[in-house]
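Q: Have a look at this one before I ask anything.
No lab work stands behind these numbers, since they all come straight from the coordinates. Owing to the predicted nature of the structure, the values given are computational and were not obtained by experimental measurement. Note that we place each Cβ from the backbone using ideal geometry, even for glycine, and neighbour counts take in every protein chain shown.
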Amino acid sequence: MSNSGSLIQDYINMPLNELMERADTACRKVYGSAVFIRGLLEVTNYCTMNCAYCGIRRDNAKLLRYRMSNEEILQTIKQGLHRGIKSFVLQGGVDPEFQGSKLIALADDIRNSFGSDFALTFSFGVLSYDTYRALFAAGVNRYLLRFETADATLHEALKGTELSERIRAFMHLKEIGYEAGTGFMTGLPGDSLSSNLELLASLEPDMIGIGPFIPHPETPLKHASCQGLEPTLRAVAISRLLFPYANIPATTAAGTIEQNGRELALSAGANVVMPNIGTKAYKQLYELYPGKICVSEDGFSCINCLSVRIRSVNKNLDYRRGNSRGRV
Ligand code: SAM
Ligand code: FES
């Protein structure tokens with residue numbers, strides 16, 4: 001077993017409260033009480049992929065599909081900037097309307113309209129090296145590409161694509177100079193937490209996204225059991241201990257399976273929140289998993305609620321762009 005492998009195993013065997021305390025200390029040492037806010041825009045729920053766990057998969061014929069127009073996206077970013085948000089994340093399914101030249105034109109539009117005084121993160125799956133490079137040149141600073149599971153066989157069975165292809169794409173992002181984020185779901189049937197953490201450790205990400213898998217009734221995994229929040233808390237805490245400088249969100253999925261799930265993640269070393277700042281109508285349709293929280297209010301109204309929740313764990317919402325400290 002590698003050095004990081006045996007360290008991860010030690011952490012996995014540690015009582016959860018001790019692990020969380022250590023991770024919280026490590027997080028506060030780097031970020032103090034700051035919790036960075038990212039304004040999330042879920043811009044399309046069209047998807048050509050058919051991931052077995054995902055509610056917006058191609059074969060979910062029950063889902064009403066939507067795409068935000070470039071004008072709607074610009075308008076939402078404008079509102080976010082007025083409220084002082086300095087970091088935006090645009091995410092969507094794998095949609096031909098958000099690929100190649102169209103995606104590059106969107107990045108150009110955003111930077112030409114609003115300048116460069118804020119961080120821009122995209123998350124649209126695996127794209128070509130040339131597209132990643134052109135997006136970076138157009139002013140996209142960060143990219144999120146979770147590997148989902150480190151088990152190559154399970155990965156191919158669930159996604160229909162190869163794990164190695166996703167890892168290669170992640171390495172392209174790093175090589176080009178992005179702040180690159182990856183991560184996984186905890187609790188996929190047949191998956192291994194230690195393998196996921198070992199792959200994560202080897203990738204040395206700037207951002208780490210980890211959330212619980214929540215079965216969706218319109219997917220092949222509808223009968224899978226949900227493993228709850230604990231594996232996510234453990235994985236978040238271990239990620240913080242392995243990468244003290246990484247930006248790690250308290251995910252919406254964590255807040256969905258437990259009412260105070262995001263607060264617990266923030267007490268386990270997470271230092272980022274990503275409220276969806278889109279409209280109610282779109283939020284409801286971006287249904288990756290059932291029961292998603294915050295879908296009955298329009299985006300910006302969630303921010304007040306979030307800042308109260310954050311104060312309850314003795315941290316403070318912070319509007320700075322929050323680069324990964326390893327990059328400064
Ligand atoms: N298309 C992009 C990609 O391929 O990376 C990003 C969109 S994808 C919907 C965003 C994330 O949602 C995935 O990385 C996955 O981890 C998460 N997700 C999808 N289905 C989920 C489920 N049933 N439970 C929890 N998280 C889920
Ligand atoms: Fe495409 Fe989930 S299957 S985003």
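Q: Subtracting the Cα-Cα distance from 0.36 nm times the residue separation, let me have the gained length for Lys78 to Asn260 in nm, one decimal.
A: 62.5 nm
Q: Moving to a separate point now. Antiparallel as a % of all DSSP beta bridges within the chain, to the nearest 5?
A: 5 percent
Q: Run lengths n ≥ 4 of DSSP H only: what is the helix-derived mean residue ellipticity at 222 nm for the chain, with -39500 (n - 2.57) per run over all residues, to the nearest 500?
A: So the calculated ellipticity at 222 nm is -12500 deg cm²/dmol.
Q: What are the semi-axes of the equivalent ellipsoid for segment 13-55, taken as the square roots of 5 times the Cα gyration tensor eigenvalues, largest first, in whole Å?
A: With the √(5λ) rule applied to segment 13-55, the semi-axes are 35, 20, 6 Å.
Q: On to the next question. Within segment 273-328, which trypsin sites (Lys or Arg not before Pro) sit in a loop by DSSP and count at most 12 neighbouring Cβ atoms inside 10 Å?
A: For trypsin sites (Lys or Arg not before Pro) across segment 273-328 that sit outside H, G, I, E and B with at most 12 neighbouring Cβ atoms in 10 Å, the list reads Arg320.
Q: How large is Rg over Rh for segment 188-328, taking Rg from the Cα atoms and Rh as the Kirkwood inverse mean of 1/r across Cα pairs?
A: 0.96
Q: Given the convex hull of the Cα atoms of segment 60-108, what is a quarter of its surface area in nm²?
A: Here the figure is 4.3 nm², rounded to one decimal.
Q: Further, regarding this structure: Treating each Cα of segment 234-293 as an identical point scatterer and ignoring solvent, apply the Debye formula and state log10 I(q)/I(0) at q = 0.14, 0.22, 0.25 Å⁻¹.
A: -0.43, -0.87, -1.00
Q: Of Cys51, Cys305, Cys226, which has the largest mean-square fluctuation in a 10 Å C-alpha GNM of the chain?
A: Highest fluctuation among the options: Cys305.
Q: If each residue's Cβ is checked for other Cβ atoms within 10 Å, how do Arg240, Arg133, Arg38 rank with the fewest at the top?
A: Arranged by neighbour count, lowest to highest, Arg240, Arg133, Arg38 become Arg133, Arg38, Arg240.
Q: At 1.002 mPa s and 20 °C, plugging the Kirkwood radius over alpha-carbon pairs of the chain into Stokes-Einstein gives what diffusion coefficient in µm²/s?
A: Taking Rh from Cα pairs, D becomes 109 µm²/s.
Q: Which pairs break 31 Å Cα to Cα here: Lys222/Lys315; Lys222/Lys280; Lys62/Lys315; Lys102/Lys174; Lys174/Lys222?
A: Beyond 31 Å between Cα atoms: Lys222/Lys315; Lys62/Lys315; Lys174/Lys222.
Q: Can you tell me, using C-alpha contacts under 8 Å and at least 6 residues apart, the relative contact order of segment 143-259 as a whole percent?
A: The normalised contact order for segment 143-259 reaches 25 percent.
Q: With r defined as the distance between the Cβ atoms of Asn304 and Arg111 and R0 fixed at 30 Å, what FRET efficiency is calculated, to the nearest 0.05?
A: The value I calculate is 0.55.
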